[in-house]
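The structure under discussion is supplied below as structure tokens; questions concerning it will follow.
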Amino acid sequence: MIELPEAITMAKDLNNSVKGRRITKVIAAQNHHGFAWYFGDPAGYEDLLLERVMDSANSFGGYVELNIGDSKLTFQDGANVRLLPKGAKPPEKHQLYLKLDDDTAIVTTIQMYAAIMVFPVSLDYDNSYYLTARASISPLDKRFDEAIFAKLVSEAPPKLSVKGLLATEQRIPGLGNGCLQDILWNAEINPKSKVRSLSDAELETLFKSVKSTLKDMTDNGGRNTEKNLYGEPGGYQSILSAKTKDYPCIRCGGAITRKAYMGGNVYYCGKCQPVKDS
Ligand SMILES: [Zn+2]
């Protein structure tokens, strides 16, 4: 699932690859998918997109948004967006296919579930997750500072865990269960530890790790557990993921634990990320 680093990379790659291209063919919702959500009736997408020019793409809080004519195309985690080279056949099943005037195409498929929204700028997409993400200050932004982080911590319910703080309820849009693992490994903090049990020094380390780990992931074109616009894995080598769980911790040699926790597996080293409860 794409998160903040991959969404930023995707927007950058779209700007480099398809900005200025005219859309010559539109196929929306070609394949029925029970967990594909659209804005309005996708049968109307052709009217909104055909013969329009792809303008700039941007990203916020894990969303990627393309400006196309008088409309926006928005997607987030779960939507696999790929650039098809000239003449390449689209996959058998897809949710949105946009052929471009240089014979390349942008095709969107779905991993498990995803929202693919095309809507006229005049209507705006009135969805609370989208609006929260759009209004959020990115953790990579200078404005996301110690004071903002301290406010999130002070507003945390008493029993909230560190994972709950960072990766649920859109407290930090775009930071999800994927990026969380290395942020906490770098900070030597356990995802299950209660926020209230952390010392001031640990909270400072955690704040710095949120920023530096996400920056590292973004600077390297996203995590290697996700694929970019060209179908290639990102250049950031994830330390903790399903791919590395059977190897010892690269810092201390301890065993890596995988546990289902708060929607999604968490990975941690029991030795250098001990659980702290309060
Ligand atoms: Zn360790």
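The values are calculated or read from the model by the stated rules, or taken from the named source; none is laboratory data. This structure is a prediction, so every number in the text was calculated from the model and none was measured. With ideal geometry, Cβ positions are generated from the backbone for all residues, glycine too; neighbour counts draw on all protein chains shown.
From the list Ala255, Ala242, which residue is small (Gly, Ala, Ser) and at pLDDT 95 or above? Quick ask: steps written out before the conclusion?
Working: Ala242 fails: at pLDDT 95 or above.
Going through Ala255, Ala242 in turn, just one is small (Gly, Ala, Ser) and at pLDDT 95 or above: Ala255.
Could you give every pair whose Cβ atoms fall below 6 Å, whose first residue belongs to the stretch 128-141 and is charged (D, E, K, R), and whose second residue is crowded, with 18+ Cβ neighbours inside 10 Å, counting only separations of at least 6 or pairs across chains?
Filtered contacts from the stretch 128-141: Arg134/Phe60.
Residue-by-condition table, conditions (1) crowded, with 23+ Cβ neighbours inside 10 Å; (2) at pLDDT below 95:
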position: Phe144; (1), (2): no, no
position: Ile148; (1), (2): no, no
position: Gln170; (1), (2): no, yes
position: Gly176; (1), (2): no, no
position: Cys179; (1), (2): yes, no
position: Ile183; (1), (2): yes, no
position: Ser199; (1), (2): no, no
position: Glu202; (1), (2): no, no
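Moving on to the next point. Please verify whether the stretch 217-232 includes one or more residues that are assigned by TED's automatic domain parsing to the domain that holds Leu184, within 16 Å of the ligand (Cβ to nearest atom) and part of a loop (DSSP other than H, G, I, E, B).
Checked the stretch 217-232: no residue is assigned by TED's automatic domain parsing to the domain that holds Leu184, within 16 Å of the ligand (Cβ to nearest atom) and part of a loop (DSSP other than H, G, I, E, B).
Would you confirm whether any residue within the stretch 154-161 is touching a residue at least 12 places away in the same chain (Cβ under 8 Å) and buried (at least 21 other Cβ atoms within 10 Å of the Cβ)?
yes
Return the residues of the stretch 186-219 that are without any contact (Cβ under 8 Å) to a residue 24 or more places away in the chain and within 28 Å of Thr9 (Cα to Cα); say none if nothing qualifies.
Ala187, Thr205, Lys208, Asp216, Asp219
A follow-up question, please. For the stretch 242-258, indicate whether the set of residues that are more than 16 Å from the ligand (Cβ to nearest atom), charged (D, E, K, R) and touching a residue at least 24 places away in the same chain (Cβ under 8 Å) is non-empty.
Within the stretch 242-258, not a single residue is more than 16 Å from the ligand (Cβ to nearest atom), charged (D, E, K, R) and touching a residue at least 24 places away in the same chain (Cβ under 8 Å).
Filter the stretch 37-59 down to residues that are surrounded by fewer than 21 Cβ atoms within 10 Å (Cβ to Cβ) and within 21 Å of the chain's Cα centre (by Cα), then give me how many there are.
Of the residues in that region, 4 qualify.
Moving on to the next point. State the number of residues belonging to the stretch 150-193 that are of a type in the set (Lys, Arg) and within 17 Å of Pro139 (Cβ to Cβ).
3
Please specify each residue of the stretch 259-278 satisfying the condition of being more than 8 Å from the ligand (Cβ to nearest atom) and not in a loop (DSSP other than H, G, I, E, B).
Of everything in the stretch 259-278, those that are more than 8 Å from the ligand (Cβ to nearest atom) and not in a loop (DSSP other than H, G, I, E, B) turn out to be Lys259, Ala260, Asn265, Val266, Tyr267, Tyr268.
Scan the stretch 36-94 for residues that are aliphatic (A, V, I, L, M), in a strand (DSSP E or B) and at pLDDT 95 or above and jot them down. Break it down into steps so the answer makes sense when it comes.
First, the residues of the stretch 36-94 that are aliphatic (A, V, I, L, M): 36, 43, 48-50, 53-54, 57, 64, 66, 68, 73, 79, 81, 83-84, 88.
The next check asks that each one be in a strand (DSSP E or B); those that pass are 36, 53-54, 57, 64, 66, 68, 73, 79, 81, 83-84.
Within the stretch 36-94, Val53, Met54, Ala57, Val64, Leu66, Ile68, Leu73, Val81, Leu83, Leu84 qualify.
Restricting attention to the stretch 4-24, which residues are in a loop (DSSP other than H, G, I, E, B) and charged (D, E, K, R)?
Hits for the stretch 4-24 are Lys19, Arg21.
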